[in-house]
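Data first, discussion second: the structure below is written as structure tokens.
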Amino acid sequence: MNRIDKKFEELRKQGKKALITFITAGDPDIETTYDIVLALEEAGADIIELGIPYSDPLADGPTIQASSQRALRNGVKIPDIMKLVGKIRIKSDIPLVYLVYYNSMFKYGIQKFLEESKKSGVDGLIIPDLPLEERKDILEEADKYGIHLIPLVAPTSKERIKAITENGKGFVYCVTLTGVTGARENIETDLEEYMNTVSSYTNMPKALGFGISTPEMAKKLKDLSDGIIVGSALVERIAKGYNKSEMLQEVKNFVSSLKEVL
């Protein structure tokens, strides 16, 4: 059984919600990313998304774009991230998901990317710019390797939600708002209606992401979904320029406070 499915099943039995955290691989550097992943798990993260740095991340706001730029300036490449995952797997069995832009995969070679992802220990993929028309081929290939292709829906998806979630696996990434990623103080979308619409098309676990920046927001939204995704608010803390041990402590404190309400 895929680690993602196992984790959601385990949490459901415990009556808890998943805390899914996002960081950019290679920000501030690849060695620190390794330490951050272990710190996130220790603090209570259930699933970790590793963003593969990309020069034109269309779905991301300034915070994650800047983290991508820092990682690229450090010369971080896909093989380094594959090695990083292999190293994490020696220590940890936490579900790991790549957030990767389609162009990066395409240039690297889709087959090669999936083969190496499987070998290193990746459980799922989120491809924010994957056209629905291209999805079938990637889905079939990912299935061969036991890697879940996680569907991403937005409030504007409406009648396309059925087609987007069809044959998707792991969980549905439900974007809370229109626009790009980034910590927000509040979310204007009628999330109850939106989540009811998503639920009418699929029984897969659903996780809310984009804009969730505090334990208060996570607490308010948790009853609408099976999980909460936090990225920009975490990336901001990594970028603040603490020394390494202070940063890791700050990350752990923040993640513990989120997990506590879920």
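The values are calculated or read from the model by the stated rules, or taken from the named source; none is laboratory data. Here the structure is a predicted model, which means the values were calculated and not measured. Don't worry about glycine lacking a Cβ; one is built from the backbone with ideal geometry, like all the others, and counts go over all protein chains shown.
What number of residues within segment 238-248 are surrounded by 14 or more Cβ atoms within 10 Å (Cβ to Cβ) and either more than 17 Å from the chain's Cα centre (by Cα) or at positive phi (or both)? If you could, list the steps in order and put the result at the bottom.
Of the residues in segment 238-248, the ones surrounded by 14 or more Cβ atoms within 10 Å (Cβ to Cβ) are 238-239, 242, 247-248.
If we keep only those that are either more than 17 Å from the chain's Cα centre (by Cα) or at positive phi (or both) as well, we get 239, 242, 247-248.
Matching residues across segment 238-248 total 4.
Residues of segment 95-149 being over 23 Å from Leu19 (Cα atoms) and in contact (Cβ under 8 Å) with a residue 60 or more places away in the chain, which ones? Answer for segment 95-149, where residues must be over 23 Å from Leu19 (Cα atoms) and in contact (Cβ under 8 Å) with a residue 60 or more places away in the chain: just Asp129. Looking only at residues in segment 12-42 that are of a type in the set (D, E, K, R) and farther than 22 Å from Ile81 by Cα, the one that is surrounded by the most Cβ atoms within 10 Å (Cβ to Cβ) is Lys17. Look at segment 7-22: where a residue is without any contact (Cβ under 8 Å) to a residue 60 or more places away in the chain and closer than 17 Å to Tyr173 by Cα, no partner that is buried (at least 24 other Cβ atoms within 10 Å of the Cβ) and among the charged types (D, E, K, R) sits 6+ places away or on another chain with Cβ atoms under 8 Å. Lys158: in contact (Cβ under 8 Å) with a residue 24 or more places away in the chain, surrounded by 18 or more Cβ atoms within 10 Å (Cβ to Cβ) and of a type in the set (D, E, K, R), yes or no? When the stated conditions are applied, Lys158 does not pass them. Restricting Asp27, Asp80, Asp60 to residues that are under 28 Å from Asp137 (Cα atoms), acidic (Asp, Glu), modelled with pLDDT of 95 or more and touching a helix residue (DSSP H, G or I) at 6+ places or on another chain (Cβ under 8 Å) narrows the list to Asp80. Checked against (1) in contact (Cβ under 8 Å) with a residue 60 or more places away in the chain; (2) over 24 Å from Met204 (Cβ atoms); (3) touching a Pro at 6+ places or on another chain (Cβ under 9 Å), Ile81 meets all criteria but (1). When residues in segment 226-256 are screened for being in a helix (DSSP H, G or I) and among the aromatic types (Phe, Trp, Tyr), 1 of them pass. Do the conditions hold for Lys7, that is, is it of a type outside the set (A, V, I, L, M), in contact with a Leu (Cβ under 6 Å, 6 or more places away or on another chain) and buried (at least 18 other Cβ atoms within 10 Å of the Cβ)? Criteria not met by Lys7. Of the numbered criteria (1) surrounded by fewer than 16 Cβ atoms within 10 Å (Cβ to Cβ); (2) assigned to a loop (DSSP other than H, G, I, E, B), the one Leu130 fails is (1). What are the pairs with Cβ atoms under 6 angstrom where one residue, in segment 191-208, is more than 10 Å from Ile161 (Cβ to Cβ) and the other, located anywhere, is in a helix (DSSP H, G or I) and among the aromatic types (Phe, Trp, Tyr)? Sequence gap at least six, or different chains. Cβ pairs passing all conditions: Pro205/Phe8. Considering the conditions (1) among the β-branched types (Val, Ile, Thr); (2) farther than 22 Å from Val255 by Cβ; (3) buried (at least 21 other Cβ atoms within 10 Å of the Cβ), Ile110 is excluded by exactly one of them, (3).
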